[in-house]
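One structure is given here, and the rest of the page talks about it.
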Amino acid sequence: MKTTFGEYIRKLRTEKGLTLTQLAYKLDLDSANLSKIENGKRDFDKKRLPKLAETFELDLKELNNEFVSDLIAKQIYESNCSSELLLVAVQKAEYRRKTNQNKIEKAV
């Protein structure tokens, strides 16, 4: 998705016909904070992802992917990093997976 996570929440909310107050209540937030999230002035709290998934009947894993990808994109944007950074980051993530897998195999 090419929107911010906050914009994505707003889209889901309006498609379902919920007001800010109604969705905020379901997420245990106040409507002012939800408005700030939708407008990109505040980050969404990851611990609320299960409630958001339940409210909109979304797959939690896919919703988490949207959330994390937005955090990564924000970090890249704020750091003014190049696109090549993504390639290096993917390589480092793979290295961490392999290193962790090796540790697990050695422990067994």
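The values are calculated or read from the model by the stated rules, or taken from the named source; none is laboratory data. The model shown is predicted, which means the values in this text are computed figures rather than measured ones. Heads up, the Cβs are rebuilt from the backbone with ideal geometry, glycines too, and the neighbour counts pull from every protein chain shown.
Considering only the range 1-33, state which residues are of a type outside the set (S, T, N, Q), crowded, with 16+ Cβ neighbours inside 10 Å and either in contact with a Phe, Trp or Tyr (Cβ under 6 Å, 6 or more places away or on another chain) or not in a helix (DSSP H, G or I) (or both).
Result: PHE5, LEU12, LEU18, LEU27, LEU29.
Using beta carbons and a limit of 8 Å, which pairs, at least six apart or on different chains, have the first residue in the range 66-80 and within 14 Å of THR3 (Cα to Cα) and the second one in a helix (DSSP H, G or I) and small (Gly, Ala, Ser)?
ILE72/ALA89
Would you check if ASN64 is within 30 Å of GLN22 (Cα to Cα) and surrounded by 10 or more Cβ atoms within 10 Å (Cβ to Cβ)?
Details: within 30 Å of GLN22 (Cα to Cα): yes; surrounded by 10 or more Cβ atoms within 10 Å (Cβ to Cβ): yes.
So ASN64 passes the test.
Name the single residue, out of those in the range 73-108 being of a type in the set (A, V, I, L, M, F, W, C) and in a loop (DSSP other than H, G, I, E, B), that is surrounded by the fewest Cβ atoms within 10 Å (Cβ to Cβ).
Of all residues in the range 73-108, those of a type in the set (A, V, I, L, M, F, W, C) come to 73, 76, 81, 85-90, 93, 104, 107-108.
Next cut, in a loop (DSSP other than H, G, I, E, B) only: 81, 108.
Numbers: CYS81: 13, VAL108: 4.
Only one residue fits best here, namely VAL108.
Any residue in the range 13-28 that's touching a residue at least 24 places away in the same chain (Cβ under 8 Å): show its pairings with residues that are surrounded by 15 or more Cβ atoms within 10 Å (Cβ to Cβ) and among the polar types (S, T, N, Q) at Cβ separation under 6 Å, as long as the two are six or more apart or on different chains.
LYS26/THR55
Could you say whether any residue in the range 42-49 is of a type outside the set (Gly, Ala, Ser), surrounded by fewer than 13 Cβ atoms within 10 Å (Cβ to Cβ), modelled with pLDDT of 95 or more and in contact with a Phe, Trp or Tyr (Cβ under 7 Å, 6 or more places away or on another chain)?
yes
Out of the residues in the range 32-65 that are in contact (Cβ under 8 Å) with a residue 12 or more places away in the chain and small (Gly, Ala, Ser), which is farthest from GLU78 (Cα to Cα)?
Only one residue tops the list, namely SER35.
Among LYS61, LYS36, which is under 13 Å from the mean Cα position of the chain (by Cα), of a type outside the set (Gly, Ala, Ser) and assigned to a helix (DSSP H, G or I)? Give the steps one after another, and end with the answer.
On the way: LYS36 fails: under 13 Å from the mean Cα position of the chain (by Cα).
LYS61 is the lone residue from the list that is under 13 Å from the mean Cα position of the chain (by Cα), of a type outside the set (Gly, Ala, Ser) and assigned to a helix (DSSP H, G or I).
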